[in-house]
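Chemist: Take this structure, written in structure tokens, and hold onto it; I'll ask about it next.
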Amino acid sequence: RTQVAVSSGRPSQGGPRPERAPGGGARWRAPRGPPGAMAGGGMAVVAMNQCLAGEHTGRRISLQQDLDLEEDANDSVEMKGLSPEKCALASEILLERQLASNPMKAYAKVCTNQIMGHDDTAAKHLKRRGGDESVSTRFLKSLMPILTWLPNLTCATVRADIIAGITVGVMVIPQSMSYGAIAGLPYINGMYSACVPTLVYAFFGQSRQLAVGPVAMVSLLVEAGLRGVLTEDQCPEWYELGGEASGRSQYELCPEEYIKLACMTAAVVGVMQIVGSICKLGFLVSFLGHPVTSGFTSGAAIIIGLSQLKYILGYDIPKSQFVYDSIGNIAQGLGNFKFMPFLLGCFFLAYLIGNKKLAQKYPKLRMMGPLGPLVSCFLGTMLVWGIPALRDALHVKYVGYIPSGLMPISVTGFRLEDVAKVFPTALSSCLI
């Protein structure tokens, strides 16, 4: 059975005239319409749905084709249906992809076929096509896609990858340090979080364009979720000072215990994402409303911006997850305002904005856009290093000493009783 529908931007007189075509297909001739019937770039869409006769599955194959019809043309479209063998093969491929992308649906299909007494076709369709490759080879390539693209590298791609890797590696150093500071972690932990994900994703990643590593929103969630979670045994100094009333953070007084808790949060997030990948739970993200994600992103940007004003104003501002608290803390500390940090902060901020505008306006300066933060970091480092008075007398803060060497092993410091404490933070971070 064949169904054909013809629609256009504007209605035309008459309907499509069917003609038989060689080979069992169908030719549909578009009728001549009045002058201007298809004016304005009218588009005709021709769709053919062919159901396989005698099949209890009722599988359907659709073909859509867009046609540009001139206003005074008498065009014709020829569509040939696939042979029964090719139709069956196409249906099997589509069914295979649907079942492979949703194991729960595949299992329900198997159970339904067994109850109804039909052939267990779902299990057959789950068998992926891989040519002459063995099942173990296909599974290994699906688990580690690096085995697929690594043999296809050329000298040109390797050279481009080296340039891109060096550029991103230099840029990610100050960026990851900032993300670590937002999460309440030392700068070195931010650098660890930028190094390990990219190394692991090179072997197991499915996308060549996805950026992995810490992001500002997740860093803010970690700091807000782990605030005040340490017990009195883990951080007695914080409780001795009065807890929340002291205005101090637990990561400032007990950094070691806070780092262990943050590492456990990262581990729980990883377990959640692995389980979600196995169960194909990615569709849950589609239920997040756009107003929710947009509002969260905007709110996080405002809170992060307010929390970083302390480096420009020159005095400490207590962190808070509420905007009005942050604004109040800024107003209360204006008596401690430092001019030199404010001057340097405004100068580099103006440079970054102007550099971005110039890179967008002049194509020859396009490379200056991504290099702007790197130039700012280099100039700032040279100023603080070359002029000791900036850090000694003018209250310009700097990073200071960063430990060298490889990242330590953090699993040994995990405690199972802390899983319940970090679970809400890990769940929200996993969704984001």
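Chemist: What FRET efficiency would be calculated for the residue pair Ile330, Met407, taking the C-beta separation as r and a Förster radius of 25 Å, to the nearest 0.05?
Modeler: 0.10
Chemist: In whole Hz, with x marking every Gly and Pro, tabulate ³J(HN,Hα) for the stretch 215-227 from phi via Karplus 6.51 cos²θ - 1.76 cosθ + 1.60, θ = phi - 60°.
Modeler: 10, 5, 5, 5, 4, 5, 5, 5, 5, 6, x, 9, 6
Chemist: Let me ask you something else. Take the solvent-accessible surface of the protein heavy atoms, probe 1.4 Å, and return the percent of it on the stretch 321-388 that carbon and sulfur atoms account for.
Modeler: Carbon and sulfur atoms account for 75 percent of the accessible area of the stretch 321-388.
Chemist: Let me ask something else. Could you tell me the calculated FRET efficiency between Val323 and Ala160, based on Cβ-Cβ distance and R0 = 45 angstrom, to the nearest 0.05?
Modeler: 0.55
Chemist: Counting only heavy atoms of the protein chains, get the accessible area per residue of the stretch 368-432 (1.4 Å probe) and round it to a whole Å² value. Mind showing how you got there, number by number?
Modeler: Numbers: 4570 Å² over 65 residues.
Accessible area per residue, the stretch 368-432: 70 Å².
Chemist: Here is a further query. Out of the total accessible area of the stretch 171-216 (probe 1.4 Å, heavy atoms of protein only), what percent is carbon and sulfur?
Modeler: 69
Chemist: While we're here: Is the C-alpha gyration tensor of the stretch 297-367 telling us rounded, prolate or oblate? Criteria: a/c under 1.5 is rounded; beyond that, a/b larger than b/c is prolate, otherwise oblate.
Modeler: It comes out oblate by the Cα gyration axes.
Chemist: Another question about this same structure. Within the stretch 331-354, what residues put their amide N at less than 16 Å from the label point 7 Å along the Cα-to-Cβ vector of Leu379?
Modeler: The answer is 341-354, whose backbone nitrogens lie closer than 16 Å to the label point.
Chemist: Run the simple label-point estimate for Ser286 and Glu244 please: 7 Å along Cα→C-beta, distance reported in nm.
Modeler: Placing both labels 7 Å beyond Cα along the Cβ direction yields 4.0 nm.
Chemist: So, one more: For the stretch 130-188 and the stretch 279-327, what is the separation of their C-alpha centers, rounded to whole Å?
Modeler: 28
Chemist: If one computes the Cα centroid of the stretch 207-253 and of the stretch 371-432, what distance in Å separates the two points?
Modeler: 13
Chemist: If you don't mind, there's one more thing I want to ask. Starting from the Cα-Cα distance between Ala301 and Phe423, subtract it from 0.36 nm times their residue separation and give me the gain in nm to one decimal.
Modeler: Between Ala301 and Phe423, full extension yields 41.5 nm more.
Chemist: With a 1.4 Å probe and every protein chain left in place, work out the accessible area per residue of the stretch 201-334 in Å², rounded to a whole number. Don't skip to the answer; put the middle values down first.
Modeler: Values: 7860 Å² over 134 residues.
Value for the stretch 201-334: 59 Å² per residue.
Chemist: Further question on the same structure: What is the gain in length, in nm to one decimal, between Cys279 and Glu256 on full extension, counting 0.36 nm per residue of separation less the C-alpha to C-alpha distance? Mind showing how you got there, number by number?
Modeler: Values: separation 23, 0.36 × 23 = 8.28 nm, distance 3.51 nm.
Result: 4.8 nm gained on full extension.
Chemist: Output ³J(HN,Hα) for the stretch 238-247: one whole-Hz value per residue in order, computed from phi by the Karplus curve 6.51 cos²θ - 1.76 cosθ + 1.60 with θ = phi - 60°, and x for Gly and Pro.
Modeler: So the Karplus estimates, Gly and Pro as x, are 5, 6, 5, 7, x, x, 4, 5, 6, x Hz.
Chemist: Leaving ligands and nucleic acids out of the surface, order Glu92, Glu240, Glu223 by accessible area at 1.4 Å, largest first.
Modeler: The ordering from most to least exposed comes out as Glu240, Glu92, Glu223.
Chemist: Which order do the peptides 274-280, 319-325 come out in when sorted by mean C-beta neighbours inside 10 angstrom, highest first? Don't skip to the end; give the middle numbers.
Modeler: On the way: 274-280: 11.7, 319-325: 13.9.
Highest-to-lowest ranking by the protection proxy: 319-325, 274-280.
Chemist: Within 10 Å, count the other beta carbons around each residue, average over each peptide in 397-406, 242-251, 177-186, 304-313, and list them highest first. Please report the intermediate quantities before stating the final value.
Modeler: Numbers: 397-406: 9.0, 242-251: 14.6, 177-186: 22.4, 304-313: 17.0.
Going from most to least packed, we get 177-186, 304-313, 242-251, 397-406.
Chemist: Given labels modelled 7 Å from the Cα in the Cβ direction, how far is it in nm from Ala90 to Gln209?
Modeler: In this crude label model, Ala90 to Gln209 measures out at 2.7 nm.
Chemist: Pull up all non-local amide H partners of Gly333: gap of 5 or more, or a different chain, and H-to-H distance under 5 Å with H placed in the peptide plane.
Modeler: Placed amide hydrogens put nothing under 5 Å from Gly333.
The values are calculated or read from the model by the stated rules, or taken from the named source; none is laboratory data. Not measured: the values here are computed from a predicted model. We place every Cβ from the backbone using ideal geometry, glycine too, and count neighbours over all the protein chains shown. Each accessible area value is taken on the protein alone, full model and side chains, heavy atoms only, with ligands, DNA and RNA left out. Shrake-Rupley method; radii C 1.70, N 1.55, O 1.52, S 1.80 Å.
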